[in-house]
Amino acid sequence: MIEKTGAVLFGSILLSFGVNGFLVPHHLLDGGVIGIGLILHYFYGLPTGLSIIVLSLPLYALAWFFERRYFYYSLHGLIISSFCIDLFSFLDGRFLLGILPSTIIGGFLVGIGIGLMLRYETSTGGTDLLAQLLTKLTSVNVGIIIFLIDGIVIISGIEVVGLEKFFYSFITILCVGLMTSLTAARRTEAV
């Protein structure tokens, strides 16, 4: 339990640093519910973390009916990561890097944070939770499922961020998917 709590806390901090420190300053998107939360943040000025919680509610209803263990394990991941995203929003503009390095570093931090939580069978909720459920049903790697969902989300955000930032956001989700897969897979190899 201590390891799981540590993974959620550390993963949430990495995730929030990636989002606020590297993606938000350049108006880049991640995929999934985080990406939708970022779209709402850029377009309406809504807090990203709070948006993530509200958007995740229907997915938690699915988990309640299909896999209660994921519901319980992911609930604290959702709350802590969303809180950290809003808590560390002051990082916006603190790291003065160009858009390409921010794209890669932000994607790596988000992917490692998500992968660390998935390694301990918890998540940030949202589409990570959906991906966990689909992985259980299909045996497709969780990182691949997240990548596909993320692609759909960033395509829907083209109107908000524009075509150039869409392409950088695509690089971000490649980095997120890669690091999520590598980080989440480490525990299953060790077990």
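The values are calculated or read from the model by the stated rules, or taken from the named source; none is laboratory data. This one's a predicted model, so the numbers in the text were calculated from it and none came from an experiment. Glycine also receives a Cβ, built like all others from the backbone with ideal geometry; neighbour counts cover every protein chain displayed. What goes into the accessible areas is simple: the full protein's heavy atoms, side chains included, and nothing from ligands, DNA or RNA. Shrake-Rupley method; radii C 1.70, N 1.55, O 1.52, S 1.80 Å.
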Subject >> Mean separation of Cα contacts under 8 Å, 6 or more apart, over the residue count of segment 1-79: relative contact order % >> reply: 22 percent
Subject >> Cα→Cβ-extended label distance, 7 Å offset, between residue 182 and residue 92, nm >> reply: 3.0 nm
Original post:
Mind checking which helices in the chain clear 24 Å along their axis (Cα) and have mean Kyte-Doolittle hydropathy of 0.5 or more, DSSP H runs only?
Top reply: 48-66, 68-87, 99-119, 163-190
**OP:** Enter the accessible area per residue of segment 44-191 (Å², integer; probe 1.4 Å; all protein chains in place).
**Re:** 51 Å²
Original post:
In segment 131-165, which residues have a backbone nitrogen under 12 Å from the label point lying 7 Å from residue 99's Cα in the Cα-to-Cβ direction?
Top reply: 161-165
Subject >> Among 55, 137, 118: highest mean-square fluctuation, GNM of the chain, C-alpha pairs under 10 Å >> reply: 137
Subject >> Extension gain, residue 66 back to residue 148 (0.36 nm per residue minus Cα-Cα distance, nm) >> reply: 27.4 nm
**OP:** Would you please give the residues with an amide H less than 5 Å from that of residue 28, counting only those at least 5 places away or on a separate chain, with H modeled from the backbone geometry?
**Re:** none
Original post:
Put a dot 7 Å past each Cα toward the Cβ at residue 57 and residue 121; how far apart are the dots in nm?
Top reply: 2.8 nm
Original post:
What number comes out for the charge environment of residue 48, summing +1 per Lys or Arg and -1 per Asp or Glu over other residues with Cβ under 13 Å away?
Top reply: -3
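I'd like the carbon and sulfur percentage of the solvent accessible area for the chain, probe radius 1.4 Å, heavy atoms only, ligands and nucleic acids excluded.
Working: 6560 of 9030 Å².
Here it works out to 73 percent.
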